[in-house]
Amino acid sequence: MPEIQNPIGLRQSVELFRSSYRDEGFDAATATIGAYLISRAAYLTVPDDRRPEYLPPDEMEELGFPNAPPRALVEGGRVNLEEVRGAQDEDFIAEERDRPDHDRLLAEAIMAAEETRSPEDILGAIKIGLSSPDDLIRICALSSAMKLFTISSLGILPRISHFISVWDDLDIVAQEIFLALFPSISRSLGLSSRSGSAGRIGGDPGGVAAVSNRSNGVTLIHGTHFDVNPDPVWYHPHIGDLHNHIRSFRTDIYSGGNFFDWEGRWSDRGRYVAAKNLRNWVELHGFSGSDIVCHSHGGNVVISSTRLGVKYDRVVFLSCPVHWPKYSFSRAEISKAHLVRVRFDKVVFADGGAQRFPPGTVEQEMTVGGWFGTHGMTKESRTWSQHHVDRLLI
């Protein structure tokens, strides 16, 4: 699905679904409905004082999602899917559904949920979304459902099997969401997304504003790996897309053969082990007080290393799933923190993290690309050139 520069809003998206008029604006409508469904778990579980970090108010407004809080939070445990109002969807794969009729049901359920803001109606909309003929909408609904419904009532195995069976036909965003929801299964099956930067070599250093005179060192830290044999060349010295871009204005970027690498396991334990290894690497190479560029959960590896005594000057977090205070830092540990992200990052929602750090914790926050960009686009050299991300390291 291409980037969308101007979202058409929830109400217009719903009307497109209700009428099943698909000649214009369908991608925007599908992406908006998906964004609504994938964000409902945070909407129903995050307390008021933390909600702006998970559901940025300006982006909610532009998408047409009301900023008013729900009538009540879902508290005290998960909900049994079978107890939620609406038709059962146990035959959601075997039965060939009539798409216009399903679109109408989903549209009506979403509008009812937005009018009442009641957990019952919102859960009902998610339930209908679980059987959508559109796989992006279906995986977005599943992301929220896994955080709100009991797993036993959700019947998770046939849902997983469905996405595996249509893997090559899924768009990149849907693939990224699945990888975030089911990292162990994805790793064992060797599934990977068609993310744009994974196969980019070299990179175009064009658009660099100036050459920095900073010389305290720069290190790139990757995020979670889902592939059995990953080759995310973006951070590799001499061949990495973003590495070569940064080297064009920061000649002090680490370019040796013993560059930092970690297993990329999706778990707190995996990140803690990586943090210990990062501490040892920093001490071995004398990189204490250096600058870091880290993608996704690589940012939480960096944060974990600060609890082991490592200090950094500038850290540029790219698409970092924010889990504060579990992964938190102080100015004494990171002098200047910056966040670069895409709007309403669906992978961050799937991960259960916040889109933003708490107020006052980062020097600058940048949003890049249009709407519904991929989780990986923040580590692409073309994104850095187009949005002048370079200045965060100069």
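What is the angle, in °, between the Cα long axis of helix 156-165 and the longest principal axis of the Cα atoms in the chain? Nearest 10 is fine, range 0 to 90. Roughly 70 degrees, rounded to the nearest 10.
Candidates SER152, GLY353, HIS102 compared by Cα position along the dipole of the chain: farthest toward the positive end lies GLY353, with charges placed on Cβ. At q = 0.15, 0.17, 0.21 Å⁻¹, work out log10 I(q)/I(0) for segment 281-394 with the Debye formula, treating every Cα as an identical point scatterer and leaving solvent out; two decimals please. Debye output, listed in q order: -0.61, -0.79, -1.17. Please list, or write none, the lysines whose alpha carbon is within less than 19 Å of the alpha carbon of LYS311, excluding same-chain residues fewer than 8 places away. Leaving aside lysines fewer than 8 places away in the same chain, those within reach of LYS311 are LYS276, LYS326, LYS336. Checking every one of the GluC sites (Glu not before Pro) in segment 2-85 against DSSP loop status and a limit of 16 other Cβ atoms within 10 Å picks out GLU3, GLU24, GLU75. Relative to the Cα centre, the charge distribution of segment 196-393, modelled as +1 at Lys and Arg Cβ and -1 at Asp and Glu Cβ, gives a dipole magnitude of about 420 debye. What the phi angles of segment 322-335 give under the Karplus curve with 6.51, -1.76 and 1.60, with θ = phi - 60°, is a coupling list of 8, 10, 8, x, 4, 10, 9, 8, 10, 5, 5, 9, 10, 5 Hz, glycine and proline written as x. Volume per residue of the convex hull around the Cα atoms, evaluated for segment 10-170, comes out as 113 Å³. Selection among VAL362, VAL315, THR378 by position relative to the dipole of segment 196-393 gives VAL362 as farthest towards the positive end (Cβ unit charges, Cα centre). The lysines whose alpha-carbon is closer than 17 Å to the alpha-carbon of LYS127, local same-chain residues fewer than 8 away aside, are LYS147. Given +1 at the Cβ of Lys and Arg, -1 at the Cβ of Asp and Glu and no other charges, the dipole of the chain around its Cα centre is 1620 debye to the nearest 20.
Binning all Cα-Cα separations of segment 196-393 at 10 Å, short to long from zero, yields these whole-percent fractions: 9, 40, 41, 10, 0. Per residue of the chain, the DSSP helices (runs of n ≥ 4 H) give a summed -39500 (n - 2.57) that works out to -12000 deg cm²/dmol at 222 nm. Positive end of the dipole of the chain (Cβ unit charges, origin at the Cα centre): among PHE287, SER267, THR251, the Cα lying farthest that way belongs to PHE287. For the chain, the longest principal axis of the Cα atoms and the long axis of helix 135-148 meet at an angle of about 90 degrees. Sequentially through segment 290-306, phi angles give Karplus couplings (6.51, -1.76, 1.60; θ = phi - 60°) of 7, 9, 10, 10, 9, 9, 6, 6, x, x, 6, 5, 4, 4, 4, 5, 5 Hz, Gly and Pro residues having no value and appearing as x.
In the chain, inverting the average of 1/r over every pair of distinct C-alpha atoms gives 21.7 Å as the Kirkwood radius.
Taken together, the values in this text are just the output of simple stated rules run on the coordinates, not laboratory data. It should be emphasised that the depicted structure is a prediction, and the values quoted were computed from it without experimental measurement. Every residue, glycine among them, receives a Cβ derived from its backbone with ideal geometry; neighbour counts consider all protein chains shown.
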